[in-house]
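Let me begin by presenting the structure, written as structure tokens, before commenting on it.
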Amino acid sequence: MPTDEHFEGTIGRTFADSTPHWPEPVRAAEGAPNIVYVLYDDLGFSDFGCFGSEIETPTVDRLAAEGLRYTNFHVTPLCSPTRACLLTGRNHHSSGMGMVPNFSIGYPGYRGQLNPSTATIGEMAQTQGYTTLGVGKWHLTPMTHFTGAGPFHQWPLQRGFDRWYGTPDGLTNQWKPDLIKDNHWVDAPDKPDYHFTADIIDNAISFVQDHKNGAATKPFFLYVAFCAPHFPHHVPKSYIEKYVPVFEKGWDATRSDRLERQKALGLIGADTPLPQRNDGVKAWDEYDDEAKESMVRLQAAFAGMVQHTDEHLGRLVAALEEMGELDNTMFVLFSDNGASQEGGPVGSMNSMRFFTGYSSPEAELKEIHENLDQIGEEQWINNYGTGWSMAGNTPLKRWKQDTHGGGVRSPLVIRFPGEIADPGGIRTQFHHAIDITPTALDVTGIAAPDQVKGVDQKPLEGQSMRYTFGSPEAPTTKRVQYFEMNGQRALWQDGWKAVTHHEPMISPMLVLSGAAAEVTDFDSDRWELYHLDTDWNEVHDLADQEPERLAAMVATWWAEAEAHDALPLGAVIGGIQGAPLHGRQRNPRS
């Protein structure tokens, strides 16, 4: 009796009375397309040219002109949770990534690593005839795992990627990044003018070329996760110089100009107003000329980084086109959260102070101005001020880490020739990052398995967006979506949104450095209510006019939070002291 249960031949005593059998290799569905995910980091809703920006992004603009722009697409307010949603098709707490992986809080939704029961699209695709490739930022594994001895079970190769090249952590020096390749640490290439974004694209192209050379008829999944434009805003000086005169008008004028472009582009209604400035943001004209000069240059570095990234993305698009693969690819591109508030009120030359406490705005401005010509160089962790991130999120309220629109609404571009009814079109259906992988499974014919590596799988919590490709006016198929991040909460339901901002917002790093970790009363938070179908950017609070609707939505939020492991509230701050620190290994190869 053969020990191989898949052997379907016969085995006699000799070859003459035996019948050989070769199992058929697993193949993707006939004509199955490639899938490319491109994820930007900390990019605001209006920071692409095709979403209203004055920043030059011709590659993204081309993809949008040949595909679709989505104006009602949502993510989580923070990077790792959105990455978990994107790759698994489940909500971030369901996958164990209620916060970043640098902390394990001790509750199911806050493990700081992906649950084995929530396989990534890579793990699904590997078993069904796809080559799986990844480059860029990972940030889904406890940093204490990234040693020469592992453990390796949560490294990219063990979570569904045949090949991987990039940085394991949440940010890195763009000139001298921390890098892993497959299952080991590597040094950055020693060459003039090296930059991590260029290196990401070099490896993406190389991986696809290797795949094509070895398995030309096999489709591939490629995940490109830029670190850009997350701080530090490192970019060649020529890009910075280009944008200094563009932004000398300041953040208030930039915000107004972007709003008008968005209206002209048909992205928003002609009567859409700007919300009031975000809390803590002063009018641009309240600053003196020296302060303005400093803050403009920080924004110019950010803008230059966005253009620089677009240029290198263009090399990938051109390479896929040259290989004959671009039009057989579903290309998905968006940002992991809204523009960052982590530069403080005026920006900083060392934005790690967000996690330990900034000095005064006056001191920050003095340091910036004394080092203007060094902005963008490797010795600084430069970041722009919150006025610029407010402008980046035009016309939305608040920013990254918040569950208001500025934190969770992302520009989404999908290009998929052959199925899109109106290239260059705009879609307004509500959808979320958990819906991307179900869409990819839909178009590829990949089935979400019931079991992966012997582990029973949670059902997908997202749903396919494929119906939107050919139906501009189709109503959204989503009914409800909850949001939660560090006490910030929201619920979207049938075109309405309930949202509350929880204070104080305390960074986990501040708690570890000795800051007070008292969790304030969540029941005292004031919930706001918006009818998003008519109030696109949360300007008209209807909480007092619709108390019964609001109460019902808050009750639904609690039910959704319980169902998806978002509880207990306050876990991040209340549970961080005494919890295992999954922080970065300072000597990863020692």
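The values are calculated or read from the model by the stated rules, or taken from the named source; none is laboratory data. Remember, it's a predicted structure, so these values are computed and weren't measured experimentally. Because the Cβ atoms are built from the backbone with ideal geometry, glycine has one as well, and the counts that use them run over all protein chains shown.
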Review point. Yes or no: Gln401 farther than 26 Å from Thr59 by Cα, in contact (Cβ under 8 Å) with a residue 40 or more places away in the chain and crowded, with 16+ Cβ neighbours inside 10 Å?
Key: yes
Exercise for review: Test Val26 against the criterion of being under 19 Å from Phe334 (Cβ atoms) and of a type in the set (A, V, I, L, M, F, W, C), and give yes or no.
Suggested key: no
Point to revise | Close pairs from region 18-42: first touching a residue at least 24 places away in the same chain (Cβ under 8 Å) and assigned to a strand (DSSP E or B), partner buried (at least 19 other Cβ atoms within 10 Å of the Cβ) and of a type in the set (Gly, Ala, Ser), Cβ under 6 Å, at least 6 apart | key: Ile35/Ala440; Leu39/Ala225; Tyr40/Ser335
Study note, to complete from the structure: Flagged in region 95-138 as more than 20 Å from Ala563 (Cα to Cα) and among the charged types (D, E, K, R), in numbering order, are Glu123, Lys137
Exercise for review: Tell me, please, whether a residue that is free of Cβ contacts under 8 Å to residues at least 40 places away in the same chain, crowded, with 16+ Cβ neighbours inside 10 Å and over 25 Å from Pro438 (Cβ atoms) can be found in region 43-66.
Suggested key: yes
Point to revise | Residues of region 337-353 classified as among the small types (Gly, Ala, Ser) and more than 18 Å from Asn371 (Cβ to Cβ), total | key: 3
Study note, to complete from the structure: Of those in region 444-459 that are buried (at least 19 other Cβ atoms within 10 Å of the Cβ) and hydrophobic (A, V, I, L, M, F, W, C), the residue farthest from Gly31 (Cα to Cα) is Val452
Exercise for review: Please verify whether region 335-347 includes one or more residues that are β-branched (Val, Ile, Thr), crowded, with 20+ Cβ neighbours inside 10 Å, touching a helix residue (DSSP H, G or I) at 6+ places or on another chain (Cβ under 9 Å) and in a loop (DSSP other than H, G, I, E, B).
Suggested key: yes
Review point. Quick check, is Met323 modelled with pLDDT of 95 or more, surrounded by fewer than 22 Cβ atoms within 10 Å (Cβ to Cβ), within 30 Å of Asn34 (Cα to Cα) and out of contact with any Cys (no Cβ under 7 Å at 6 or more places or on another chain)?
Key: yes
Review point. Does Thr329 fit the bill of being touching a residue at least 60 places away in the same chain (Cβ under 8 Å), in contact with a Lys or Arg (Cβ under 9 Å, 6 or more places away or on another chain) and either basic (Lys, Arg) or under 20 Å from Leu39 (Cβ atoms) (or both)?
Key: yes
Review point. Out of (1) touching a Lys or Arg at 6+ places or on another chain (Cβ under 9 Å); (2) under 26 Å from Ala300 (Cβ atoms); (3) of a type in the set (A, V, I, L, M, F, W, C), the odd one out for Met97 is which?
Key: (2)
Point to revise | Among (1) touching a Pro at 6+ places or on another chain (Cβ under 9 Å); (2) assigned to a loop (DSSP other than H, G, I, E, B) - the single one Met305 does not satisfy | key: (2)
Check your understanding: Within region 148-162, how many residues are touching a Phe, Trp or Tyr at 6+ places or on another chain (Cβ under 8 Å) and crowded, with 20+ Cβ neighbours inside 10 Å?
Key -> 3
Check your understanding: Has region 351-358 got at least one residue that is in contact (Cβ under 8 Å) with a residue 12 or more places away in the chain and of a type in the set (D, E, K, R)?
Key -> no
